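Participant: Below you'll find the structure I mean.
The values are calculated or read from the model by the stated rules, or taken from the named source; none is laboratory data. These numbers were taken from a predicted model, which means no experiment stands behind them. Note that each Cβ is placed from the backbone with ideal geometry, even for glycine, and that neighbours are counted across all protein chains shown. When the accessible area is computed, the model is the full protein with side chains, heavy atoms only, and any ligands, DNA or RNA have been set aside. Shrake-Rupley method; radii C 1.70, N 1.55, O 1.52, S 1.80 Å.
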Number of protein chains: 2
Amino acid sequence: MRKIILASASPRRKELLENAGVCFDICPAGREEIITRTYPAEIVEELSGQKAAEIAERCGQAEEGTVIIGADTIVSYEGKILGKPADREEALSMFRMLQGKTHQVFTGVTFLVRRNGSWEEHVFHECTDVTFYPARDSELERYIATGEPMDKAGSYGIQGKGGIFVRGIHGDYQNVVGLPVARLFHEAEKLGIRLDEEDTE
Amino acid sequence: MRKIILASASPRRKELLENAGVCFDICPAGREEIITRTYPAEIVEELSGQKAAEIAERCGQAEEGTVIIGADTIVSYEGKILGKPADREEALSMFRMLQGKTHQVFTGVTFLVRRNGSWEEHVFHECTDVTFYPARDSELERYIATGEPMDKAGSYGIQGKGGIFVRGIHGDYQNVVGLPVARLFHEAEKLGIRLDEEDTE
């Protein structure tokens, strides 16, 4: 059976991958992220690569066929990059900016496959448009008081209470949660890999 | 505290409403559905109304401010209405039709509010476009063998393993799962009702 490693501590990524029937280990990357790129699509690809590479290094001589999945998600609005908020005040100011508007969520994925004793790298990103309903400060403050925004890029969780602010999306929903699983399956398939069954190369 | 009743046995609708922080009772409607309309938007509104009305009847003299929520979801593809599949064969033929294409998911919601001793009715529907990746019969058969499609309109669950077939959506995601909760909150607000807090009229 192929070994699959998710290089992320995100409970949301874990849940998405489990729901899709994938058996995997979790091995969170922990190094400081270093951003050298400018555009959101490039940044998430770069950061996903750093996470996957850290785990590959830690694995040493991995078994043939092993797959490592690194992922990074950011929110972008009118050229601004929104990561996780530092505190409630920042969460409120992010949310104020996003209410009533459309922003973009980018997830970058790096996919390392062990073949012939070395790592093959495959990188992609997905972008989804998310449109929020207009919202009053009192509603935003209520939401922020739940604590949900604090560990999330852009200060909201679409799959939680944050969902009530979302008028609609255009693109992949799971990408907004943190991992575009359908796209991942299709990219893996191009490499002859099924993520949800026992197989060997 | 306002009494809110969900007139549906769907575990997915229950979960969506719970996630949004709503406290409610469940009282599933059970009567035979009678369709007199032609277009998907009209059909789901009609059926959601029948479910809500059945529960309202059962409630008798309900407390002032009580809210009953009825909902119905169907899938529509090129003028065809796709409900729940009767068996695996039908699930396969539905899925074959949808793969590689864009279809529509309609959810109709009827919202009854007890005011001045009678029921005020508010009805709306949401439509979301869903685009599937192309898929081979072998993949579809694997999916159908999981049993997931059998109780779902259109033979798939976007929030389960069915998600790996979805390339993207345009519109409200929760609407595809079975209840457009964000829209519901906004419609309720127009009537001066907050669904997620203690309040009285």
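Yes or no, residue by residue, for (1) part of a helix (DSSP H, G or I); (2) more than 10 Å from chain A (Cβ to nearest Cβ); (3) of a type in the set (S, T, N, Q):
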{"site": "B:ILE169", "(1), (2), (3)": "no, no, no"}
{"site": "B:ASN175", "(1), (2), (3)": "yes, no, yes"}
{"site": "B:GLU187", "(1), (2), (3)": "yes, yes, no"}
{"site": "B:ARG194", "(1), (2), (3)": "no, no, no"}
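Participant: Scan segment B:126-144 for residues that are in a helix (DSSP H, G or I) and either open to solvent by 30 Å² or more (accessible area, probe 1.4 Å) or more than 10 Å from chain A (Cβ to nearest Cβ) (or both) and jot them down.
Facilitator: Matches in segment B:126-144: B:ASP137, B:SER138, B:LEU140, B:GLU141, B:ARG142, B:ILE144.
Participant: What is the number of the single condition among (1) touching a residue at least 24 places away in the same chain (Cβ under 8 Å); (2) in contact with a strand residue (DSSP E or B) (Cβ under 9 Å, 6 or more places away or on another chain) that B:GLU42 does not meet?
Facilitator: Among (1) touching a residue at least 24 places away in the same chain (Cβ under 8 Å); (2) in contact with a strand residue (DSSP E or B) (Cβ under 9 Å, 6 or more places away or on another chain), B:GLU42 violates only (1).
Participant: From (1) in contact with a helix residue (DSSP H, G or I) (Cβ under 6 Å, 6 or more places away or on another chain); (2) open to solvent by less than 60 Å² (accessible area, probe 1.4 Å); (3) on the phi < 0 side of the Ramachandran plot, pick out the condition that doesn't hold for A:LEU47.
Facilitator: All conditions are met except number (1).
Participant: Does segment A:101-121 contain any residue that is under 26 Å from B:ARG194 (Cβ atoms) and either surrounded by fewer than 18 Cβ atoms within 10 Å (Cβ to Cβ) or polar (S, T, N, Q) (or both)?
Facilitator: Scanning segment A:101-121 turns up at least one residue that is under 26 Å from B:ARG194 (Cβ atoms) and either surrounded by fewer than 18 Cβ atoms within 10 Å (Cβ to Cβ) or polar (S, T, N, Q) (or both).
Participant: Looking at B:ILE158, is it part of a loop (DSSP other than H, G, I, E, B) and either more than 24 Å from A:ASN19 (Cα to Cα) or under 19 Å from the mean Cα position of the chain (by Cα) (or both)? Working first, answer last.
Facilitator: Details: part of a loop (DSSP other than H, G, I, E, B): yes; either more than 24 Å from A:ASN19 (Cα to Cα) or under 19 Å from the mean Cα position of the chain (by Cα) (or both): yes.
When the stated conditions are applied, B:ILE158 passes them.
Participant: Among the numbered conditions (1) closer than 19 Å to B:HIS125 by Cα; (2) modelled with pLDDT under 95; (3) open to solvent by 20 Å² or more (accessible area, probe 1.4 Å), tell me where B:ALA53 comes up short.
Facilitator: (2)
Participant: Could you pull out the residue among B:LYS161, B:LYS190 that is among the basic types (Lys, Arg) and in contact with a helix residue (DSSP H, G or I) (Cβ under 6 Å, 6 or more places away or on another chain)?
Facilitator: B:LYS161
Participant: Being buried (at least 18 other Cβ atoms within 10 Å of the Cβ), away from chain A (no Cβ under 14 Å) and either in a loop (DSSP other than H, G, I, E, B) or among the basic types (Lys, Arg) (or both): is that true of B:ARG96 here?
Facilitator: No, not satisfied.
Participant: Quick one: count up the residues across segment A:174-194 that are open to solvent by 10 Å² or more (accessible area, probe 1.4 Å), touching a residue at least 24 places away in the same chain (Cβ under 8 Å) and closer than 20 Å to B:GLU139 by Cβ.
Facilitator: 5
Participant: Residue check: is A:GLU63 free of Cβ contacts under 8 Å to residues at least 12 places away in the same chain and surrounded by fewer than 17 Cβ atoms within 10 Å (Cβ to Cβ)?
Facilitator: Taking the combined requirement at face value, the residue does not satisfy it.
Participant: I'm trying to understand the selection: among the residues of segment B:145-163, which are touching a residue at least 24 places away in the same chain (Cβ under 8 Å), within 9 Å of chain A (Cβ to nearest Cβ) and either open to solvent by less than 20 Å² (accessible area, probe 1.4 Å) or aliphatic (A, V, I, L, M) (or both)?
Facilitator: B:ILE158, the sole residue that qualifies.
Participant: Right, another one. State the number of residues belonging to segment A:11-33 that are out of contact with any helix residue (DSSP H, G or I) (no Cβ under 7 Å at 6 or more places or on another chain), open to solvent by 20 Å² or more (accessible area, probe 1.4 Å) and part of a loop (DSSP other than H, G, I, E, B).
Facilitator: Of the residues in that region, 4 qualify.
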